[in-house]
Amino acid sequence: MKFFPKSAFSRTVALLALVLLINQLVSYVMVSNYVVRPSIEQINELVAKHIRTMFIPRQHLAETERELMTNYAEATGIEVFDDEAAEKQGLGNSTYYGYLSDDMSNMLGGKAQVRVAQGNKFYLWVKPPRAPDFWIRVPLESMQQGRFSPLVMYLVLIGLLSVFGGMLFANWLNRPLKALENSARRVGRGEFPEQLSEKGATEIVSVTRAFNQMSRGIRELENDRNLLMAGVSHDLRTPLTRIRLAAEMMPQGEDGLAQGIIEDIDDMNDIIDQFIDYVRLDQQESSSRESLNELIEQTVANVPDNWQKQFELNLGTLPRVWLRPLSMKRVIINLLENAERYGKSQAAVSSGHDKKQKRVWFRVTDDGPGIPEEQQATLFEPFTQGDKARGGVGSGLGLAIIKRIVDRHDGSIKLQNRPGGGLCVCIELPLNQQRQ
């Protein structure tokens, strides 16, 4: 469902709110039926007794009847009005209550009508069955203390306090999970955050402890891999250097062979550099707020002089985004190098801003042979050379390095063959990436 809460925090709060709502409804019904309703019935019965008293036969009290009625009205505040006078006294602003009318009718032995007027003062208007042309107005002095029902105020107050307490509880329960999510994302990008504090519920503590152990194991494995790669690269460069010196000292008649050996050694050194780049990546570089367009312009302006192609720039207006500038330059130069290597005559770089998705993007396109779609899914794996149609040159680490850098920026990379021939590589980066 579209409006169903997705996060654990919102679901916990929604569950607490639902349980609280049911509890409030049950409480309202119980209090209404067993507290408020009996009190109203008692008030109604008391008013009925007053009305019955007013209609006691007065044949033995004729001489003092007027005086008694005057004293009675002064003592109780109960007054009698005909229909016209009642309208002038505010009967038209009163509200009819069917339940009270039926109850009053049963008590007075005939059809009666009850209305309640709320204003500066509260009055109960009753049309008795023995005097259908008159209205009896009974003041309700005990209701002058407040306008709002105490029951409603109680339920609202308890509801607000319960929801607020539920939010605090849910926040306390989900805070370790949020920290665990952020740390897991950083580990997925190849970073190693500080160990999480093991606190909260028992289950959360167990999960946090297991995650800390996993993070330590991955860190140790990464350190061992870096150490192994550094040792291998050092041990390989030493004999390569000796071979290069021997090739340069070969007789002049062997210049062609020597030059071929030197070029092979340079290729091997480049491959070793790519291995090191893939393993070490950019773990020591921190993010900064940069202009992606400026990085693209700087990289294109500094391409090697021996490149044959001129790159057409079509850059849109972009906001600044958090990224690692050196790593992103490496992504751009690798894509430009592929376009230079595999394109025929044209290459272009474009950029844009997707405001709805809150992402920026840039594309590098060429007019080369493209890459079969069935091979595109595996091209980002290390040592994979699925571009047989494009020559199959290199170590197979170029796109793998690009993929790792883009993943560390929480971005995405897509390959798409152009209808007229060539390949389009699109990189998307989020605007709301957390600063690392």
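Among the residues of segment 401-422, the ones that are open to solvent by less than 10 Å² (accessible area, probe 1.4 Å), under 18 Å from V349 (Cα atoms) and more than 26 Å from the chain's Cα centre (by Cα) come to 2 in all. Considering segment 310-354 alone, what residues qualify as being in contact with a Leu (Cβ under 9 Å, 6 or more places away or on another chain) and part of a loop (DSSP other than H, G, I, E, B)? Answer for segment 310-354, where residues must be in contact with a Leu (Cβ under 9 Å, 6 or more places away or on another chain) and part of a loop (DSSP other than H, G, I, E, B): L318, P319, R320, G343. Each residue in segment 184-197 was checked for being touching an Asp or Glu at 6+ places or on another chain (Cβ under 9 Å) and open to solvent by less than 80 Å² (accessible area, probe 1.4 Å), and 4 of them qualify. Selection within segment 107-130: residues that are of a type in the set (S, T, N, Q) and at pLDDT below 85. The member of this set that is most open to solvent (accessible area, probe 1.4 Å) is N120. Within segment 198-238, if we keep just the residues that are surrounded by 14 or more Cβ atoms within 10 Å (Cβ to Cβ) and small (G, A, S), the residue that is modelled with the highest pLDDT turns out to be S215. Scanning segment 244-272 for residues that are loosely packed, with under 11 Cβ neighbours inside 10 Å and polar (S, T, N, Q) yields a single hit, Q252. Out of all the residues in segment 99-144, which are of a type in the set (V, I, T) and over 54 Å from the mean Cα position of the chain (by Cα)? Correct list: V126, I136, V138. Among residues of segment 239-287 being polar (S, T, N, Q) and closer than 28 Å to L326 by Cα, the one that is modelled with the highest pLDDT is S287.
The values are calculated or read from the model by the stated rules, or taken from the named source; none is laboratory data. These numbers were taken from a predicted model, which means no experiment stands behind them. When we count neighbours, we look across all protein chains shown, and the Cβ atoms used for this are built from the backbone with ideal geometry, even at glycine. Remember, those area values only see protein heavy atoms, side chains included, never the ligands or the DNA or RNA. Shrake-Rupley method; radii C 1.70, N 1.55, O 1.52, S 1.80 Å.
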